[in-house]
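Here is the structure we will look at.
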Amino acid sequence: MHPVLGERLRTDFSHLLASPTLMFFTPTGWEALLRRIFRHSPHLVFTRAEQGIRRDGAFLAVYPQGASLQDPHPFAREESTLVCKWCGEDARLAFPSQRRLRNTRLAIPLCRECRDQGAANSPTFVWGDREEYH
Ligand SMILES: [Zn+2]
């Protein structure tokens, strides 16, 4: 996460964070999502936030105090597939366009602009729609 955004989160939600480095490994685009999660669960103290990988793609794994690593906050897990991990806009899961990388575990939530911008680089991402796989 960009250091300025991380510092603002630490300032605004210090009472919910067990550690000041909680969101160090969280992508910048999920800053707004963390704010939503913290507002959604203002009675919890969070111990860890990171990018998780599941069978159908990347997600934001946030752990309230006492939760095991197999039990991330369910609201964060579901909402993170709808928020661009690069910029925070509305997103959908995008998949690597190269056939050899087309493992759903490599899918990440991207908005159209970030997906198109990524097309200038390699590997590029495509939507999960079957017609865009060809
Ligand atoms: Zn984006």
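The values are calculated or read from the model by the stated rules, or taken from the named source; none is laboratory data. Predicted model only: the values in this text are computed from it and were never measured. In this analysis, Cβ positions are derived from the backbone assuming ideal geometry, glycine residues included, and neighbour counts consider all displayed protein chains.
Residues in segment 10-30 that are in a loop (DSSP other than H, G, I, E, B) and aliphatic (A, V, I, L, M) were compared, and the one that is nearest to Leu44 (Cα to Cα) is Ala18.
No other residue among Ser19, Ser14, Ser41, Ser80 is of a type in the set (Ser, Thr, Tyr) and surrounded by 18 or more Cβ atoms within 10 Å (Cβ to Cβ) apart from Ser80. Every condition in (1) charged (D, E, K, R); (2) part of a loop (DSSP other than H, G, I, E, B); (3) farther than 20 Å from Gly128 by Cα holds for Arg35 except the one numbered (2).
Residue count for segment 87-134, restricted to those that are loosely packed, with under 12 Cβ neighbours inside 10 Å and either at pLDDT 90 or above or touching a helix residue (DSSP H, G or I) at 6+ places or on another chain (Cβ under 9 Å) (or both): 2. Of note, Pro74 does not satisfy the criterion of being out of contact with any Phe, Trp or Tyr (no Cβ under 6 Å at 6 or more places or on another chain), under 18 Å from Arg105 (Cβ atoms), modelled with pLDDT of 85 or more and of a type outside the set (Phe, Trp, Tyr). Within segment 61-71, is there a residue that is away from the ligand (no atom under 15 Å from the Cβ), under 30 Å from Gln117 (Cα atoms) and in contact with a strand residue (DSSP E or B) (Cβ under 8 Å, 6 or more places away or on another chain)? Checked segment 61-71: at least one residue is away from the ligand (no atom under 15 Å from the Cβ), under 30 Å from Gln117 (Cα atoms) and in contact with a strand residue (DSSP E or B) (Cβ under 8 Å, 6 or more places away or on another chain). What residue, of Glu7, Glu50, is in a helix (DSSP H, G or I) and of a type in the set (D, E, K, R)? Only one candidate passes the filter, namely Glu7.
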